[in-house]
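Chemist: One structure coming up, written as structure tokens, with questions to follow.
The values are calculated or read from the model by the stated rules, or taken from the named source; none is laboratory data. Source: prediction; values computed, not measured. Neighbour counts are summed over all protein chains in view; Cβ atoms, including those assigned to glycine, are modelled from backbone coordinates with ideal geometry. With ligands, DNA and RNA removed, areas are computed over all heavy atoms of the protein, side chains included. Shrake-Rupley method; radii C 1.70, N 1.55, O 1.52, S 1.80 Å.
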Amino acid sequence: MQLLRGTKDILPDEIVLWQHIERTASQIMKLANYHEIRTPIIESTSLFKRSIGNGTDIVNKEMYNFIDQGSREITLRPEGTASIARAFINNKLYTHKTTSRLWYLGPMFRYERPQQGRQRQFHQLGLEYIGSLNPMADAEVIRIAHKLLNALECSNYKMEINSIGELAERHKYKQSLIEYLERYINDLDNNSKNKLYTNPLKILDSKDTKTQEIIYNAPCLHDYLDTTSRKHFEKVCEYLEFLNIQYNINKQLVRGLDYYNYTAFEIKTKSLGTQDTICGGGRYDSLIQELGGPNIPAVGWAIGMERLLLTIKNQLHEKIHNKKPLVYLAVNGQNTEKEILNIIQLLEQKDISYHLDLDNDSLQKQLKKANKQEAKACLIIRDYEIKNNCVTLKKLSTSEQKQFSMIHMDDLIQTLKKIN
Ligand code: ATP
Ligand code: MG
């Protein structure tokens, strides 16, 4: 059987890196009072159509949709924010406190062309700060993203930031942009041509060189922002400067989802090829109301776990190893079961890790396997040990051997702890 295109097994050797990232994130989040939330992987298709937006690539081309046995339209979530906004509304998280600081980690699904750093099932680690319009909130979430990346020793990155204003400002801008682009319609790449009337802002993002040349002289969204939008942006930049967080203002930066306003930012690493954006985020003040909730502003980001891992995997692997079991339990003989069960219960009680070999191979072969597994000690149970109600300990580094009585196991435990 083949693995589905765009999906990957994450094997034990790599899982230790995932656990390290999760532990690091969870510690950083806890300090700033962010709480983990887990929402379902399946949601109503309409949730994403209403939030991400009908003109976007995600909704038009990338969603995994299906009809369930009860004729419901269902989608495997392509991102986390819409589900969190829905959960925030459904669970009325706004009734007891004014702000909710939430974070999540989980699989997302988009039907895209798989390549390095782009999968159909991938994972996002993200956070949302719901309930504040203050530019300090934008600076807070950006600061936490930087803190996390630095804690994970991912340093080779740069951040781009922009303000995309409010809906009304964007609306006016879109009209001028369309008017401008219409003059060059024949020179635009096909993808951009298709977006001219549905999602013209996304054309600013085009990677096509000819389109980029045209964009260079296009009207600039910044010129359409009013004072409130500008002030918000200036404040965010001011706080970032105070925090010594490097950024570049990229006036062409827009986001692929409709629900953003004011701040939009992306963190790009210099060590990946074309899929270089490891984190994307921004403010989405109208999303919660749009989905039927109260008028509550929010700001957040999402990091692509696979892309992050591609950039830090090598140096992390050197630091984090899959811990090997300390003790190898080599068994060979009849009626050994009860002694095995006693010993493994004791080892677990004392927090000593072990590998139990039930293959009934010769002792010599089992010792070879124990060495290969890099165990520190081997506990041997054969007919001899059963007859004498004892267990034999062999230290693998020196091959020293010693018998311990099954009646007083304290000595054995003390010796094992010393070997560790
Ligand atoms: P891109 O421009 O690379 O398609 P995006 O704008 O669609 O990214 P977002 O929706 O902002 O991405 O998602 C946030 C992050 O999730 C991205 O910066 C990226 O790291 C990661 N990501 C998005 N899509 C994928 C994917 N198909 N495979 C792996 N990671 C992804
Ligand atoms: Mg995308």
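Chemist: Test Leu125 against the criterion of being under 27 Å from Ser286 (Cβ atoms), in a strand (DSSP E or B) and touching a residue at least 24 places away in the same chain (Cβ under 8 Å), and give yes or no.
Modeler: Considered against the rule, which asks whether it is under 27 Å from Ser286 (Cβ atoms), in a strand (DSSP E or B) and touching a residue at least 24 places away in the same chain (Cβ under 8 Å), Leu125 comes out as yes.
Chemist: Filter region 323-334 for residues that are in contact with a helix residue (DSSP H, G or I) (Cβ under 8 Å, 6 or more places away or on another chain) and surrounded by 11 or more Cβ atoms within 10 Å (Cβ to Cβ); which is farthest from Ala25 (Cα to Cα)?
Modeler: Gly333
Chemist: List pairs: first residue in region 363-375 and on the phi > 0 side of the Ramachandran plot, second residue assigned to a loop (DSSP other than H, G, I, E, B) and surrounded by fewer than 16 Cβ atoms within 10 Å (Cβ to Cβ) anywhere in the structure, Cβ distance under 6 angstrom, at least six positions apart or on different chains.
Modeler: Glu374/Lys324
Chemist: Mind checking which residues of region 377-420 are open to solvent by 100 Å² or more (accessible area, probe 1.4 Å), in contact with a strand residue (DSSP E or B) (Cβ under 8 Å, 6 or more places away or on another chain) and of a type in the set (D, E, K, R)?
Modeler: Residues satisfying the conditions are Glu400, Lys402.
Chemist: Considering only region 105-119, I want to know if a residue exists there that is part of a strand (DSSP E or B), within 16 Å of ligand 1 (Cβ to nearest atom) and of a type in the set (D, E, K, R).
Modeler: There is at least one residue in region 105-119 that is part of a strand (DSSP E or B), within 16 Å of ligand 1 (Cβ to nearest atom) and of a type in the set (D, E, K, R).
Chemist: Please work out which residue is nearest to Asp258 (Cα to Cα), limiting yourself to region 152-184 and to residues that are in contact (Cβ under 8 Å) with a residue 40 or more places away in the chain and in contact with a Pro (Cβ under 8 Å, 6 or more places away or on another chain).
Modeler: The residue in question is Tyr173.
Chemist: Let me ask you something else. Which one of these is over 14 Å from the mean Cα position of the chain (by Cα), more than 16 Å from ligand 2 (Cβ to nearest atom) and among the aromatic types (Phe, Trp, Tyr): Tyr94, Tyr104?
Modeler: Tyr94
Chemist: Among the residues of region 271-289, which ones are within 16 Å of ligand 2 (Cβ to nearest atom) and either polar (S, T, N, Q) or assigned to a loop (DSSP other than H, G, I, E, B) (or both)?
Modeler: Of everything in region 271-289, those that are within 16 Å of ligand 2 (Cβ to nearest atom) and either polar (S, T, N, Q) or assigned to a loop (DSSP other than H, G, I, E, B) (or both) turn out to be Leu272, Gly273, Thr274, Gln275, Asp276, Thr277.
Chemist: With Ile245, Ile214 as the choices, which residue is more than 16 Å from ligand 2 (Cβ to nearest atom), more than 29 Å from Leu309 (Cα to Cα) and open to solvent by less than 70 Å² (accessible area, probe 1.4 Å)?
Modeler: Ile214
Chemist: Only one of Ile144, Ile164, Ile130, Ile84 is closer than 20 Å to Ile312 by Cα, buried (at least 16 other Cβ atoms within 10 Å of the Cβ) and away from ligand 1 (no atom under 13 Å from the Cβ); which?
Modeler: Being closer than 20 Å to Ile312 by Cα, buried (at least 16 other Cβ atoms within 10 Å of the Cβ) and away from ligand 1 (no atom under 13 Å from the Cβ) holds for just one of Ile144, Ile164, Ile130, Ile84, which is Ile144.
Chemist: Hey, among the residues in region 335-352 that are under 17 Å from Val391 (Cα atoms) and among the polar types (S, T, N, Q), which one's surrounded by the most Cβ atoms within 10 Å (Cβ to Cβ)?
Modeler: Among them, the one singled out is Thr336.
Chemist: Further question on the same structure: Where in region 148-235 are there helices (runs of 4 or more DSSP H), lying fully within it, with 1 or more residues that are at pLDDT below 90 and over 29 Å from Gly273 (Cβ atoms)?
Modeler: 167-182
Chemist: Can you tell me which residue within region 251-267, out of those that are out of contact with any Cys (no Cβ under 7 Å at 6 or more places or on another chain) and either surrounded by fewer than 17 Cβ atoms within 10 Å (Cβ to Cβ) or of a type in the set (A, V, I, L, M) (or both), is farthest from Cys154 (Cα to Cα)?
Modeler: Only one residue tops the list, namely Leu257.
Chemist: What tally of residues in region 1-29 results from selecting those that are open to solvent by 30 Å² or more (accessible area, probe 1.4 Å), part of a helix (DSSP H, G or I) and touching an Asp or Glu at 6+ places or on another chain (Cβ under 9 Å)?
Modeler: Number of matching residues: 1.
Chemist: Further, regarding this structure: Give the residues of region 42-81 that are within 17 Å of Arg120 (Cβ to Cβ), open to solvent by 40 Å² or more (accessible area, probe 1.4 Å) and either in contact (Cβ under 8 Å) with a residue 60 or more places away in the chain or more than 16 Å from ligand 1 (Cβ to nearest atom) (or both), sorted by residue number.
Modeler: If the condition is that a residue be within 17 Å of Arg120 (Cβ to Cβ), open to solvent by 40 Å² or more (accessible area, probe 1.4 Å) and either in contact (Cβ under 8 Å) with a residue 60 or more places away in the chain or more than 16 Å from ligand 1 (Cβ to nearest atom) (or both), then Ile42, Asp57, Asn65, Phe66 are the ones that fit.
Chemist: So, in region 17-53, of the ones that are modelled with pLDDT under 95, of a type outside the set (Ser, Thr, Tyr) and within 16 Å of ligand 2 (Cβ to nearest atom), which residue ends up farthest from the chain's Cα centre (by Cα)?
Modeler: My answer is Gly53.
Chemist: With respect to Gln124, determine if the residue is out of contact with any strand residue (DSSP E or B) (no Cβ under 7 Å at 6 or more places or on another chain), within 16 Å of ligand 2 (Cβ to nearest atom), under 19 Å from Leu272 (Cα atoms) and modelled with pLDDT of 95 or more.
Modeler: no
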